[in-house]
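Shown next, in structure tokens, is the structure this report addresses.
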Amino acid sequence: MEEYDLTFSFNPSSDTGAFKLMALPPELCKLIESTGDGECLSLNIKGQSEEDAVLCTLDKTYTIRSVVLSNSVLVVTPPAVGAAADRQNGEDVVVIRDQLNEILELVPSVPRLHRLNGLLRGREYDEGHEDEDEDEEDVSSDAENARPRKRQKFSYEDARETLQASDIELHEGLRARRVLVLDGELRPIAPSHLNTILELLLNYLVSLSLPHDAADIKELASALEDDHDIKKSVSTQVMGWFGQVSDGKWKMDVDDVVKGVGVGILRTYKDEPIAQDDFLGKWRKTVGDTFEARVSLNLLSGNYLSNPSYLTEPPTHMLTYFPSSSLPVDPATRFTDLFLTRARWKAEEISPFLADIVVNSKERDKLLLKYARAITDTEGIWYTARAKYNG
Amino acid sequence: MLIPIHVESHDSSSKRSLPPQLAQFGADEIVLIELQGALEVEGDSRGQFVGKLRVDATTVSPMSFQKSASLLIGHHLLEGKLVNLPKPLAVLHRSATGRPNNQDAPTDDMLIDDDIHGPRKADPPSWAVMAIVKRKMVFSNRPMPMVGKIANRYSGCKTREDVGSIVICNYIVCRRRASLRFMLTFF
């Protein structure tokens, strides 16, 4: 039988509150345990002081929840080297370093990049912004104007620090939002400008007869710069978004480019719908002969609404631009918005508009259960709003 | 704000380890002891003796979880057992180095920097994963009062004054209350 003396900390001021218990999901536990000697694992707690804390690994984001225990948990360790000498009765001494009443739990969550939209508002990079550097020099000579201008800069590092997302998710998020990094500053590209660049890229691939799976980046970028004043730093980043860049070659992701062009065309039909066939015709014409076959409405899921119009015979489908990225982030308000747009939705119609606020399909179904009512008829399952009387 | 959590590789050479008998109840350098209620102490708790912790070696067998422990606090005896945690717990420890480094560097740059950014920047806490614990020692029952000979046997040579001021209080049966929002300022 072994016996130990249990004592309180010899240094209560520095120990109390210095310990926290965090329940680890299995994948995170494995990750920490597999960290070998000399390796450095990057775990960060991120956010503003008024936000819920999140923990970010390199590629995942977890929301931290606090579980309060009515039991208390004592953190017991061997005494510190110096303090042990205080007790010289030869017995083993163990020390209660802290007394805890909560455990932190980690819940996987989607990266909270939605704040980006607000943070990047008014920083769009558009045609005609190419000469900006010179403007800035002019302004900085005037000391009073220089300061506010400087503060406006929002850099990649700022984003890393303020946004609750892991590095990889942030990188992906910036790519998905088509945000340029110019001199370390984040500038979302204007949609129309992006479309111009994409169309130009497609044209030049053909006119310079470059293969689309291994196009020379330098050649393309200088052609765009010489003929259209599009900076190389911009065009190469755009190529990076729409394909893979390696060894100075660009392997174009055909579907992505075709989709980008499609969204660009569709964007103008926000209020006035366009007939599906007219739209597809326009789209095919813009992407050109080579990629015409890749045009498919599936590419645009989550970006449009399709409504049958019975004015013509046979009835045609009319498309309206309806991007899920413009919908509210909070599930309750998003469902309200969706059901205001349409009274009832088919499951396959509504799911693209929920994809960006859920981690997986299980969570999506949970949201549908909570915020929508399922009705089954001959055409299948429809989702409608759960309560209509809540004002 | 960015609060880093360091994960040190597991070389226990620099750390002091617990005796192996005790380490079986947790990890090499740390054991979690769960009690109903809380330990409260009157006056200064610095280095205050709490009680005797006994690990019963006779029932230890690697194949079963019969490992037991007892804790004698004053005249109260608690019976404890080994419990495997449903999810491994990382024990985070606030790095002692994070804070003084910033304050003890009285260079001009530092001071100006602090002035501009206010207290938020002056105090960036940094946490480290001390250990990953997969077991805990749980004392789940109410303490048994010990009297007469047994009390003497358990409490050994400790005098009454030594232990009299520590009280285990607040017995509540329910284990979990609620999952709450955890704000960043709590770190």
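Among the residues of the stretch A:272-295, those that are closer than 18 Å to A:Leu198 by Cα and open to solvent by 40 Å² or more (accessible area, probe 1.4 Å) comprise A:Lys282, A:Arg284, A:Lys285, A:Thr286, A:Asp289, A:Thr290, A:Glu292, A:Ala293, A:Arg294. Remark: pairs (first residue in the stretch A:330-344, touching a residue at least 40 places away in the same chain (Cβ under 8 Å); second residue surrounded by 13 or more Cβ atoms within 10 Å (Cβ to Cβ) and part of a helix (DSSP H, G or I); Cβ separation under 8 Å; 6+ apart in sequence or on different chains) = A:Pro331/A:Ile357; A:Pro331/A:Leu367; A:Pro331/A:Tyr371; A:Phe335/A:Leu367; A:Phe335/A:Tyr371. Considering only residues of the stretch B:26-45 that are over 13 Å from the mean Cα position of the chain (by Cα) and surrounded by 15 or more Cβ atoms within 10 Å (Cβ to Cβ), which is farthest from the other protein chains (Cβ to nearest Cβ)? Checking each candidate, the answer is B:Asp28. Checking the stretch A:251-271 against the condition returns a match, with at least one residue being over 29 Å from A:Leu354 (Cβ atoms) and either at pLDDT 85 or above or surrounded by fewer than 16 Cβ atoms within 10 Å (Cβ to Cβ) (or both).
Give me a count of the residues in the stretch A:343-390 that are hydroxyl-bearing (Ser, Thr, Tyr) and either in contact with a Cys (Cβ under 6 Å, 6 or more places away or on another chain) or assigned to a loop (DSSP other than H, G, I, E, B) (or both).
2
Report yes if A:Ile197 is assigned to a loop (DSSP other than H, G, I, E, B), within 29 Å of A:Phe154 (Cβ to Cβ) and of a type in the set (A, V, I, L, M), otherwise no.
The answer is no for A:Ile197.
Annotation: of all residues in the stretch A:1-25 being more than 8 Å from chain B (Cβ to nearest Cβ) and part of a helix (DSSP H, G or I), the one that is nearest to A:Val94 (Cα to Cα) is A:Asp15.
The values are calculated or read from the model by the stated rules, or taken from the named source; none is laboratory data. Bear in mind that the values here come from a model prediction, so they are computed numbers and not experimental data. In this analysis, Cβ positions are derived from the backbone assuming ideal geometry, glycine residues included, and neighbour counts consider all displayed protein chains. Accessible surface is based on the protein model in full, side chains and every heavy atom, while ligands, DNA and RNA are left aside. Shrake-Rupley method; radii C 1.70, N 1.55, O 1.52, S 1.80 Å.
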